[in-house]
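Here the structure comes first, spelled out in C-alpha cells, and everything after it is commentary.
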C-alpha cells in the first residue's frame, strides 16, 4: 500500500489526498471556532450557478452554467466541494492504478492517468456532492426545476393545442403554486380549452402532453 502511495506515477493522487486531509482539517478548525468556509471561495463562482431553480421554470442557462450546476457547484460550499473532489479523484486514481498493477505489474504514466481521472471521477463527485447537499442545512425555497412538472396534470386555459401549435395551460407544482406554460399534444390530437392533460416531456418552448 505504501509503495502505491509513493510511486512516481501516483504522485498527483498522493498530493490530492494530502490536500484533502489538510483542507478537511482546516474546515473542522474553522467550524470549532464558530466559523466555516461557507462563502469563502463561492465568490469566484458565476452568480447564477446553483440558483437556476430560483429563476423559475422558464430559466435559460448557458452550457458552462449547466455543467457547473450538474456538478452541484454552488449548491454546497465550494470549499466542501473541493474536498469532495480531491477525495474522490485521489481514491479513484489509486484504485485504477492498483487494479492495473495487480493485472500487469505495471502502472499508467502519471501524464495519462492524472488527466483521465479528472473526467472519470466527475460522476462520482456529483453523486457525493448530491448526498452532502441533502445533509447540509439549506435555505427553504419553493422554486422548482421545470422537469419536476412532468407527470403533473395541466389544464388548457387559452386556445386549442395542436401538434407544433401549443396553447397556454396552467399546472400546479408540489408546493401548490401555479405555473403558466405552453402545451402541445404528444400524439396527433387536439386539446380543447378547459381540457385536463398529463405533461409527458419538455420541448424547446414548453411541454408535450397526453389526454388524462
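Each reported figure results from applying straightforward, stated rules to the coordinates on display, with no laboratory input. Since the model is a prediction, treat every value here as computed from it, not as a measurement. Glycine gets a Cβ as well: all are built from the backbone with ideal geometry, and neighbour counts include every protein chain shown.
Structural remarks
- Label-zone membership for the stretch 95-126, site residue 3, 7 angstrom Cα→C-beta point, backbone N under 11 Å: 102, 105-106
- Spin-label model distance (nm) - residue 180 vs residue 70, 7 Å beyond Cα toward Cβ: 3.3
- For the stretch 93-122, no residue has its backbone nitrogen under 16 Å from a point 7 Å from the Cα of residue 18, taken along Cα to Cβ.
- Extension gain for the segment residue 31 to residue 131, taken as residue separation times 0.36 nm less the Cα-Cα distance, is 34.0 nm to one decimal.
- The length gained by stretching the chain between residue 124 and residue 192 to full extension, at 0.36 nm per residue less their Cα-Cα distance, is 19.9 nm.
- Per-residue packing, averaged as other Cβ atoms within 10 Å, sorts the ranges 157-169, 98-110 into the order 157-169, 98-110, beginning with the highest.
- Taking every Cα-Cα distance in the stretch 147-211 and sorting them into 5 Å bins from zero, the calculated P(r) comes out as 4, 22, 37, 25, 9, 2, 0 percent.
- In this rough spin-label picture, where each label sits 7 Å from Cα along the Cβ direction, the residue 63-residue 147 distance is 1.9 nm.
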